[in-house]
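Worksheet: the structure to be examined is printed underneath.
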Amino acid sequence: MSSILTNTAAMTALKSLQITNKSIETTQARISTGKQVAEASDNAAYWSIATTMRSDSSALSTVQDALGLGAAKVDVAYTGINSALEVVDEIKSKLVAASEPGVDRSKIQSEISELQNQLTSISESATFSGENWLSVDSSVAGYSATKSVVASFNRAADGSVSLATIDIDTTTTVLFDAGTGATEVGLLDKEYTAANGAATPVNVTYSVATLDITATNVDDTVLADMISNVDATVEALTTSASDLGTSKKRINLQSTFVGDLMDAIERGIGKLVDADMTEESTRLQALQVQQQLGVQSLSIANGNAQTILSLFQG
């Protein structure tokens, strides 16, 4: 039935064209944003997962910064320990030289004193971000020899989050401790007592940082004890440097892992929400053809009224 009131063909063509235009708008939005799921209305489940994972990735970025800060602190402490090791080794060499008969011990002590001053300078300078792991005061309230570096951000299956840390025990890295207790000592201010070889032995107390081979009552017996304890300090510093090196390596490995994890999360998010630009480009071209055909179809349907009008022309 031909009707001038209801043009069924035009209605159908118009509806089809509106659907095509809507699809074009969606495809153009995906192409312009690069995302298949840009809003929660696009896919609530994927959008929620992607949003949470982006937040976690941001937290991991902060963790990576914290690891970098921790690595810098360890590196500064390691550099200080390594430098101190070289100086103490030099002091040991001077003590060995002083054990030779006929040497001028006062001149050797002058050199040792300068080396001892250098040890103090090294320990006081090994500071990064306000922290010094080599020169401390363990008697201060709240002091802890264990230093923690934030290493990871974890999300459990139930959605709860937690932080994990890398703990570094600096007990063996302290060179000087300003505390006065029996256990509040560093590697260089730890005191030793040795009895000299006099007929009536006299005890001589010293530390690596304060020993003086020209002091009263210091004889070859005490000097031998000094050499032995300085050598033990060299061994202790070597162990400390090794421990810090191990901690530094672990931090670097964790930092690399966190970086790789962030990349993996980013790839996972991309698979959930990113648009396939090749597919969207192909779809857009097809929809544009459909749009053109829809416009032509609508034009033809609208022309039906003119056909009806011709029936009334004589």
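Some notes on this structure:
- Within region 95-117, restricting attention to residues that are of a type outside the set (A, V, I, L, M, F, W, C) and surrounded by 17 or more Cβ atoms within 10 Å (Cβ to Cβ), the residue that is farthest from D220 (Cα to Cα) is Q116.
- Residues that are buried (at least 17 other Cβ atoms within 10 Å of the Cβ) and part of a helix (DSSP H, G or I), drawn from region 30-52: R30, W47, A50
To keep it simple, each residue is scored yes or no on (1) in contact with a helix residue (DSSP H, G or I) (Cβ under 7 Å, 6 or more places away or on another chain); (2) open to solvent by less than 70 Å² (accessible area, probe 1.4 Å); (3) assigned to a loop (DSSP other than H, G, I, E, B); (4) without any contact (Cβ under 8 Å) to a residue 12 or more places away in the chain.
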site: G181; (1), (2), (3), (4): no, yes, yes, no
site: K190; (1), (2), (3), (4): no, no, yes, no
site: T239; (1), (2), (3), (4): no, no, no, no
site: F257; (1), (2), (3), (4): no, no, no, yes
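- Of all residues in region 165-181, those satisfying the criterion of being of a type outside the set (F, W, Y) and within 23 Å of S121 (Cβ to Cβ) are T170, T171, T172, T173, V174, L175, D177, A178, G179, T180.
- Among (1) buried (at least 21 other Cβ atoms within 10 Å of the Cβ); (2) out of contact with any helix residue (DSSP H, G or I) (no Cβ under 8 Å at 6 or more places or on another chain); (3) over 21 Å from S83 (Cβ atoms), the one test that T165 misses: (1)
- Residues of region 241-251 classified as open to solvent by 60 Å² or more (accessible area, probe 1.4 Å) and touching a helix residue (DSSP H, G or I) at 6+ places or on another chain (Cβ under 6 Å), total: 1
- Residue within region 131-139 that is farther than 30 Å from Q254 by Cα, at pLDDT below 95 and in contact with a Ser or Thr (Cβ under 7 Å, 6 or more places away or on another chain) present: yes
The values are calculated or read from the model by the stated rules, or taken from the named source; none is laboratory data. Only a predicted model underlies this, so the values are computations on that prediction, with no experimental measurement involved. Using ideal geometry, Cβ is built from the backbone for each residue, glycine included, and neighbour counts are taken over all protein chains shown. The accessibility values were calculated without ligands, DNA or RNA, using every heavy atom of the protein model including side chains. Shrake-Rupley method; radii C 1.70, N 1.55, O 1.52, S 1.80 Å.
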